[in-house]
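*Asks:* I have a structure here, written as structure tokens, and I will follow up with some questions on it.
What follows is calculated from the coordinates using simple rules that are stated; it is not laboratory data. Keep in mind that what you see is a predicted model, and the values were worked out from it rather than measured. Positions of Cβ are generated from backbone atoms using ideal geometry, with glycine treated the same way; all protein chains shown enter the neighbour counts.
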């Protein structure tokens, strides 16, 4: 059984939409993107060390795949984080009909819950979801998330897509790792407590 972990950047008010760039995700009329940029370099050093050093496969929604593929497939190859993302197996939940051109990418469509349940019960390294708001909502509702890996930034944006919207599935989590940086960004890793109200 593979562990499935989400890696999420969020504001103090729980918004995970468009952390890195103002144009990243403007859906719903969101105009406050890029709120994590002042903390980016410091935070990404910690992310690389704490969440991306171990072997992992990526699980991505279609929009996040498009954003990552456009950037990392063209980035300088000597950067270790870029190399790890380019080399990782990537499972992409999408209904698109065109081919996935980023290396090592596999399309998942049809009965997504069944396909991801089978992927999770097979052999392989950690499955790590980056961003991918809609996919994370589905994974949480299906009880497939084992760990939440959160970076909470000391900003409030007031609106946007939240990790836990109204109606989220009740669950209990155990804090298994935490830390903070000089700018006030807080890292928290939580493991789902099975039988705590989750699926």
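*Asks:* Taking the number of other C-beta atoms within 10 Å as the exposure measure, put 30, 68 in order starting with the fewest.
*Replies:* So the residues, fewest neighbours to most, are 30, 68.
*Asks:* While we're on this one: Show me 98-108, 3-13 ranked by packing, highest mean number of other Cβ atoms within 10 Å first.
*Replies:* 3-13, 98-108
*Asks:* Please say if the stretch 63-130 is rounded, prolate or oblate, where rounded means a/c under 1.5 for a ≥ b ≥ c the square roots of the C-alpha gyration tensor eigenvalues, and otherwise the choice is prolate for a/b larger than b/c and oblate otherwise?
*Replies:* Oblate, since a/c reaches 1.5 and b/c is not below a/b.
*Asks:* Taking neighbour Cβ counts within 10 Å as the exposure measure, how do 15, 47 sort from fewest upward?
*Replies:* 47, 15
*Asks:* Can you give the Rg to Rh ratio of the stretch 1-59, both from alpha-carbon atoms, with Rh computed by the Kirkwood formula?
*Replies:* Rounded to two decimals, Rg/Rh equals 1.03.
*Asks:* Give me the percent of DSSP beta bridges within the chain that run antiparallel, rounded to the nearest 5.
*Replies:* 40
*Asks:* Principal axis lengths of the chain from Cα atoms, whole Å, largest first?
*Replies:* 44, 39, 35
*Asks:* Now a separate question. Applying a 10 Å radius around every beta-carbon, put 143-151, 48-56 in order of their mean neighbour count, most first.
*Replies:* Result, highest mean first: 143-151, 48-56.
*Asks:* Here is a follow-up. Please report the relative contact order for the chain, taking Cα pairs under 8 Å with a sequence separation of at least 6, and give it as a percent rounded to a whole number.
*Replies:* Relative contact order comes out at 32 percent.
*Asks:* Please arrange 92, 155, 185 by counting, for each residue, the other beta carbons lying within 10 Å of its beta carbon, fewest first.
*Replies:* Lowest to highest Cβ neighbour count: 155, 185, 92.
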